[in-house]
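Q: First, the structure itself, so that you have it in front of you.
The values are calculated or read from the model by the stated rules, or taken from the named source; none is laboratory data. Just so it is clear, the model here is predicted, and its values are computed rather than measured. Please note: Cβ atoms are built from the backbone with ideal geometry, for glycine as well, and neighbour counts cover all protein chains shown. Just so you know, the surface numbers come from the protein's heavy atoms only, side chains and all, with ligands and any DNA or RNA stripped out. Shrake-Rupley method; radii C 1.70, N 1.55, O 1.52, S 1.80 Å.
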Amino acid sequence: MAAKGTITIDQELCKGCELCITFCPEDAIRIADGLNARGVHPAEYVKQHCRACTLCAVMCPEIAIEVYRE
Amino acid sequence: MNKRETILMKGADAIGEAAVRAGCSCYFGYPITPQNEIPEYMSRRMDEVGRVFLQGESEIASINMVLGAAAAGVRAMTSSSSPGISLKQEGLSFLAAMELPAVIININRGGPGLGNIAPSQGDYYQATRGGGHGDYRMPVYAPATIQELYDFTMESFDVADIYRTPVMILGDGMMGQLVEPIIVHEREEIDLPPKDYILNGAQERPSRIIKSLILDTREMEEHNWKLKRKYDLMRTLLPRYEEFMTDDAKLVIIAYGTAARIAKGAVKRVRSNGLKVGLFRPITVWPFPDEAVLSLTKKSKVFLVFEMSTGQMVDDVRLAVSGRVDCEFYGRPGGIIPSPQEISRIIERYWMQKEL
Amino acid sequence: MKKIFSRPECLKPTPFHYCPGCGHSILHRLVAEVIDEMNLRGRIIGIPPAGCAVLAYDYFDIDMCEAAHGRGCAVATGFKRSRPECIIFTYQGDGDMAAIGTAETLHAANRGENITSIFVNNAVYGMTGGQMAPTTILGQKTTTSPFGRRSNVEGYPLKITEIISTLPGAAYVARTSLATPAKVMATKKTIKKAFETQLAGLGYSLVEVLSPCPTNWKISSIESFKYLEERLELEYPLGVMKEVTTEKGS
């Protein structure tokens, strides 16, 4: 059984490049409806899908994502 | 070599030996005539003392290697001649901007362009006006004897460290090749400011940055004014000159470097004919000893500037005297080395013309 | 819950100024992670380039010295010769490395200068606004090759990494890409290998990193990563081109 994990996204660092969404194998991330202070729709975590593979964080240019594993 | 002795030495070797004894850790340079004896001397000597000699792939690379060594906190030097010094201007501007110490030997040859390999003073503007881009100045020493070449090369490392600036020794092909007896001596230890800016790895201290990019215009302006204050301090403390028989001189010939040697011979000749003529020799050409030149106007009414160029330092003399005295010019560009007889004839001509 | 991914220690908590989806940001993090993991912070000196990454010193919490455009390897040489105990790396773009700085780069490599170059190839000039780079591929449109690069007018893309791999002074030469998570992780390993090469005193090490520039390629971030993998990697094949494992005598 795959590990269970979670991520946090610093939405103020996010520039909305969507790389995390593209590379997440679990569709656990999506674009938020709201805007951040930069004026972009940041990525947001859709809870309970994560298996802590870190691919989103590896590709995130802004180091906006931290990954936790159980 | 003993600690202090009198020996016959060629100009280029004197530069090299002075640098070694000043604690120069790294020499980077690229061959160009007429200064090849400097890298040749350094290649042997630096190896002997276990320091760094590296022939760069170009003058541009060499000056940037000097920059790296200076940022790493060691004493570094490069040498070149006119076309090569042109290539080094990028690095000089960066050194000035980053406030890094370095010593640059400039053995001036005939120009513009490739010109020739004979002694010339055609690079006075380039040397004294910074040469590279941006609002900066650089101390420039113009030795006239091999002893001075030795002494000022040695001293320039201290000046570079004190003011955190590149320093240039401006010689010419004659200075590089001339052989004279000189006293070689060790460097006198002096108190120098701590090198608290150097990069050697952020070990148990905050990380440091050495840079020249300042995008914020207010910060850039402040940096320019900070440099200006430093240059003002140099203008106060660094000017040097020699006066020869100026006390009763009605006419003063003003010349630097090799031209000053020739002029001194001419002054001696015309003095033997009873002409009251003296010599004023700027030793630092930046900062120019303008106050000393100005005070000469109190006793001498005619200045004759002699340069081995079409006239560059004459501008500095005219600025210094502000029209108070007649300021004439005689020049021999292109690598010509006029004789003392020729200069004494010019002096005699002006003596007659001005009815002195 | 255990934290398994976070900001490396030797990157300051400063948000990057780079464009969305820029490869520089990813690569900065990889270099910083390697410095942390190899515990090099107290002895490493970075030389950032002229170009978008000139502000690298705003992010890295290590000693850094700016170099004029193209002069990285010369400045690095000055550092390494005077402080051989330090680890010196240049971080250079394609113009810096393969146009204005070709001489400095090739000669440092050929001397076997014991330094590391991290060469970011995005086939375009970023900071100046999308002009042609020496590595711009044939047919690629830039603001100074508006009809697409033509071999008979603008010449061919320069493969400086291949050239350097032929030099006896080069000890480790490799090309990687940031196109996928696997390639990003491989890039990190390659950078580590390059620093290890320097630590072992084996000679010049070079890692060319193919990197996206969505802004100047004028495509989206997602498309730029596809272009990177489908077009750029075709022109610039990935892999280790040279690896020396034992020290040569003089």
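Q: Under 30 Å from residue B:8 (Cβ atoms) and charged (D, E, K, R), is that true of residue B:247?
A: On the way: under 30 Å from residue B:8 (Cβ atoms): no; charged (D, E, K, R): yes.
No: the conditions fail for residue B:247.
Q: Any idea which residue in segment C:220-250 is surrounded by the most Cβ atoms within 10 Å (Cβ to Cβ), counting only those that are among the hydrophobic types (A, V, I, L, M, F, W, C) and more than 28 Å from residue C:204 (Cβ to Cβ)? Working first, answer last.
A: Restricting attention to segment C:220-250, the residues satisfying the condition of being among the hydrophobic types (A, V, I, L, M, F, W, C) are C:222, C:225, C:228, C:232, C:234, C:238, C:240-241, C:244.
Those still in the list that are more than 28 Å from residue C:204 (Cβ to Cβ) too: C:222, C:225.
Numbers: C:222: 17, C:225: 25.
So, considering only residues that are among the hydrophobic types (A, V, I, L, M, F, W, C) and more than 28 Å from residue C:204 (Cβ to Cβ), the one surrounded by the most Cβ atoms within 10 Å (Cβ to Cβ) is C:225.
Q: Is it true that residue C:7 is basic (Lys, Arg), more than 14 Å from residue B:209 (Cβ to Cβ) and open to solvent by less than 50 Å² (accessible area, probe 1.4 Å)? Write out each step before concluding.
A: Details: basic (Lys, Arg): yes; more than 14 Å from residue B:209 (Cβ to Cβ): yes; open to solvent by less than 50 Å² (accessible area, probe 1.4 Å): no.
In short, no.
Q: Taking segment C:134-174 as the search range and keeping residues that are assigned to a loop (DSSP other than H, G, I, E, B) and of a type in the set (Ser, Thr, Tyr), which one is most open to solvent (accessible area, probe 1.4 Å)? If you could, list the steps in order and put the result at the bottom.
A: Applying the first criterion (assigned to a loop (DSSP other than H, G, I, E, B)) to segment C:134-174 yields C:134-137, C:139-141, C:143-144, C:146-148, C:150-159, C:166-169.
Then keep just the ones that are of a type in the set (Ser, Thr, Tyr); that gives C:135-136, C:143-144, C:151, C:156, C:166.
Numbers: C:135: 1, C:136: 0, C:143: 72, C:144: 79, C:151: 46, C:156: 152, C:166: 101 Å².
The selected residue is C:156.
Q: Could you identify the single residue in B:135, B:151, B:161 that is of a type in the set (D, E, K, R) and under 22 Å from residue B:9 (Cβ atoms)?
A: Values: B:135 fails: under 22 Å from residue B:9 (Cβ atoms); B:161 fails: under 22 Å from residue B:9 (Cβ atoms).
That would be B:151, the only listed residue that is of a type in the set (D, E, K, R) and under 22 Å from residue B:9 (Cβ atoms).
Q: Residues of segment A:32-45 being in contact with an Asp or Glu (Cβ under 8 Å, 6 or more places away or on another chain) and loosely packed, with under 14 Cβ neighbours inside 10 Å, which ones?
A: Within segment A:32-45, just A:37 meets the criteria.
Q: Anything in segment A:1-27 that is hydrophobic (A, V, I, L, M, F, W, C) and modelled with pLDDT of 95 or more? List them, or say none. Reasoning before the result, please.
A: From segment A:1-27, those hydrophobic (A, V, I, L, M, F, W, C) are A:1-3, A:7, A:9, A:13-14, A:17, A:19-21, A:23-24; that's our starting set.
Residues satisfying the conditions are A:7, A:9, A:13, A:14, A:17, A:19, A:20, A:21, A:23, A:24.
Q: Considering each residue of segment C:6-37, count those that are within 11 Å of chain A (Cβ to nearest Cβ) and under 15 Å from the mean Cα position of the chain (by Cα), and give that number.
A: 10
Q: Tell me which residues, restricted to segment B:168-197, are farther than 26 Å from residue B:37 by Cα and among the β-branched types (Val, Ile, Thr).
A: B:190
Q: Go through (1) over 28 Å from residue B:111 (Cβ atoms); (2) buried (at least 16 other Cβ atoms within 10 Å of the Cβ) one by one and return the number of the condition residue B:7 breaks.
A: Failed condition: (2).
Q: Kindly evaluate residue C:153 against the criterion of being in contact with a strand residue (DSSP E or B) (Cβ under 7 Å, 6 or more places away or on another chain) and away from chain A (no Cβ under 14 Å).
A: Details: in contact with a strand residue (DSSP E or B) (Cβ under 7 Å, 6 or more places away or on another chain): no; away from chain A (no Cβ under 14 Å): yes.
When the stated conditions are applied, residue C:153 does not pass them.
Q: Follow-up. With the structure loaded, tell me whether residue C:124 is touching a strand residue (DSSP E or B) at 6+ places or on another chain (Cβ under 6 Å), within 17 Å of residue C:241 (Cα to Cα) and either surrounded by fewer than 24 Cβ atoms within 10 Å (Cβ to Cβ) or of a type in the set (A, V, I, L, M) (or both) or whether it fails that test.
A: No.
Q: Right, next: Residue C:39 fails exactly one of the following numbered conditions: (1) crowded, with 18+ Cβ neighbours inside 10 Å; (2) farther than 16 Å from residue A:65 by Cα; (3) modelled with pLDDT of 95 or more. What is the number of that condition?
A: Among (1) crowded, with 18+ Cβ neighbours inside 10 Å; (2) farther than 16 Å from residue A:65 by Cα; (3) modelled with pLDDT of 95 or more, the lone unmet condition for residue C:39 is (1).
Q: Hey, could you check segment A:1-57 for residues that are part of a loop (DSSP other than H, G, I, E, B) and among the β-branched types (Val, Ile, Thr) and say which is nearest to residue C:12 (Cα to Cα)? Spell out the reasoning first.
A: First, the residues of segment A:1-57 that are part of a loop (DSSP other than H, G, I, E, B): A:1-4, A:10-18, A:24-28, A:32-42, A:46-54.
If we keep only those that are among the β-branched types (Val, Ile, Thr) too, we end up with A:40, A:46, A:54.
On the way: A:40: 23, A:46: 29, A:54: 21 Å.
Residue satisfying both the conditions and the ranking: A:54.
Q: For the subset of segment B:93-102 comprising residues that are within 13 Å of residue B:76 (Cβ to Cβ) and within 11 Å of chain C (Cβ to nearest Cβ), which member is nearest to the chain's Cα centre (by Cα)?
A: Going through segment B:93-102, the residues within 13 Å of residue B:76 (Cβ to Cβ) turn out to be B:95, B:100-102.
With within 11 Å of chain C (Cβ to nearest Cβ) added as a condition, the list becomes B:95, B:100, B:102.
Values: B:95: 16, B:100: 17, B:102: 13 Å.
Applying the filter and picking the extreme gives B:102.
Q: I would also like to ask the following. On the given criteria, is residue B:209 open to solvent by less than 40 Å² (accessible area, probe 1.4 Å) and free of Cβ contacts under 8 Å to residues at least 12 places away in the same chain? Before you say what the answer is, go through the steps one by one.
A: Numbers: open to solvent by less than 40 Å² (accessible area, probe 1.4 Å): no; free of Cβ contacts under 8 Å to residues at least 12 places away in the same chain: yes.
Spelling it out, it is not the case that residue B:209 is open to solvent by less than 40 Å² (accessible area, probe 1.4 Å) and free of Cβ contacts under 8 Å to residues at least 12 places away in the same chain.
Q: Kindly check whether there is at least one residue in segment A:11-19 that is at positive phi, open to solvent by 40 Å² or more (accessible area, probe 1.4 Å) and touching a residue at least 12 places away in the same chain (Cβ under 8 Å). Please lay out each step first, then the result.
A: Initial filter on segment A:11-19 (at positive phi): A:16, A:18.
Now drop any that are not open to solvent by 40 Å² or more (accessible area, probe 1.4 Å), which leaves A:18.
Applying the additional criterion that residues be touching a residue at least 12 places away in the same chain (Cβ under 8 Å) yields A:18.
Yes: one or more hits.
Q: So which pairs qualify, if the first residue must be in segment B:67-88 and away from every other protein chain (no Cβ under 14 Å), the second must be open to solvent by less than 10 Å² (accessible area, probe 1.4 Å), the Cβ gap must be under 6 Å, and the two must be at least 6 apart or on different chains?
A: Taking only residues 6 or more apart or on different chains, the pairs are B:79/B:29; B:79/B:35; B:79/B:38; B:79/B:105; B:81/B:35; B:81/B:107; B:82/B:108; B:85/B:106.
Q: Another one. Right, residue C:49: more than 30 Å from residue A:8 (Cβ to Cβ), more than 9 Å from every other protein chain (Cβ to nearest Cβ), in a loop (DSSP other than H, G, I, E, B) and over 15 Å from the mean Cα position of the chain (by Cα) or not? If you could, list the steps in order and put the result at the bottom.
A: Working: more than 30 Å from residue A:8 (Cβ to Cβ): yes; more than 9 Å from every other protein chain (Cβ to nearest Cβ): yes; in a loop (DSSP other than H, G, I, E, B): yes; over 15 Å from the mean Cα position of the chain (by Cα): no.
Spelling it out, it is not the case that residue C:49 is more than 30 Å from residue A:8 (Cβ to Cβ), more than 9 Å from every other protein chain (Cβ to nearest Cβ), in a loop (DSSP other than H, G, I, E, B) and over 15 Å from the mean Cα position of the chain (by Cα).
Q: Can you spot a residue in segment C:204-219 that is open to solvent by 50 Å² or more (accessible area, probe 1.4 Å), basic (Lys, Arg) and within 14 Å of chain A (Cβ to nearest Cβ)?
A: As a first pass, look at segment C:204-219 and keep what is open to solvent by 50 Å² or more (accessible area, probe 1.4 Å): C:215, C:218-219.
Okay, now just the ones that are also basic (Lys, Arg), so C:218.
Filter once more, keeping what is within 14 Å of chain A (Cβ to nearest Cβ): none.
No, because not a single residue in segment C:204-219 is open to solvent by 50 Å² or more (accessible area, probe 1.4 Å), basic (Lys, Arg) and within 14 Å of chain A (Cβ to nearest Cβ).
Q: If only one of B:216, B:172, B:161 is of a type in the set (D, E, K, R) and within 30 Å of residue C:43 (Cβ to Cβ), which one is it? Give the derivation first.
A: Working: B:216 fails: within 30 Å of residue C:43 (Cβ to Cβ); B:172 fails: within 30 Å of residue C:43 (Cβ to Cβ).
Result of the check over B:216, B:172, B:161: B:161.
Q: For segment A:56-70, enumerate the residues that are among the acidic types (Asp, Glu) and modelled with pLDDT of 95 or more. Before the answer, list the steps.
A: First, the residues of segment A:56-70 that are among the acidic types (Asp, Glu): A:62, A:66, A:70.
Once the filter is applied, which keeps residues that are among the acidic types (Asp, Glu) and modelled with pLDDT of 95 or more, segment A:56-70 yields A:62, A:66.
Q: Does segment B:166-188 include one or more residues that are without any contact (Cβ under 8 Å) to a residue 24 or more places away in the chain and surrounded by fewer than 18 Cβ atoms within 10 Å (Cβ to Cβ)? Working first, answer last.
A: Step one: list which residues in segment B:166-188 are without any contact (Cβ under 8 Å) to a residue 24 or more places away in the chain, which gives B:188.
Narrowing the set further to residues that are surrounded by fewer than 18 Cβ atoms within 10 Å (Cβ to Cβ) leaves B:188.
Checking segment B:166-188: at least one residue is without any contact (Cβ under 8 Å) to a residue 24 or more places away in the chain and surrounded by fewer than 18 Cβ atoms within 10 Å (Cβ to Cβ).
Q: Got a sec? Which of B:163, B:150 is modelled with pLDDT of 95 or more and either open to solvent by 10 Å² or more (accessible area, probe 1.4 Å) or within 14 Å of chain C (Cβ to nearest Cβ) (or both)? Break it down stepwise before answering.
A: Details: B:150 fails: either open to solvent by 10 Å² or more (accessible area, probe 1.4 Å) or within 14 Å of chain C (Cβ to nearest Cβ) (or both).
The conditions single out B:163.
Q: List the pairs whose first member sits in segment C:131-148 and is without any contact (Cβ under 8 Å) to a residue 12 or more places away in the chain, whose second member is not in a loop (DSSP other than H, G, I, E, B), and whose Cβ atoms are under 9 Å apart, counting only residues at least 6 apart or on separate chains?
A: Note: pairs meeting the criteria are C:139/C:149; C:141/C:149; C:148/C:138; C:148/C:142.
Q: Among the residues of segment A:39-48, write down those that are more than 14 Å from residue A:59 (Cβ to Cβ), more than 9 Å from chain C (Cβ to nearest Cβ) and free of Cβ contacts under 8 Å to residues at least 40 places away in the same chain.
A: Within segment A:39-48, the first condition is being more than 14 Å from residue A:59 (Cβ to Cβ), and the residues that meet it are A:39-42, A:44-48.
Still in the running and more than 9 Å from chain C (Cβ to nearest Cβ): A:39, A:41-42, A:44-48.
Across segment A:39-48, the qualifying residues are A:39, A:41, A:42, A:44, A:45, A:46, A:48.
Q: So residue B:269 ticks every box in (1) surrounded by fewer than 20 Cβ atoms within 10 Å (Cβ to Cβ); (2) farther than 30 Å from residue B:335 by Cα but one. Which box is left unticked?
A: Residue B:269 satisfies all of (1) surrounded by fewer than 20 Cβ atoms within 10 Å (Cβ to Cβ); (2) farther than 30 Å from residue B:335 by Cα except (2).
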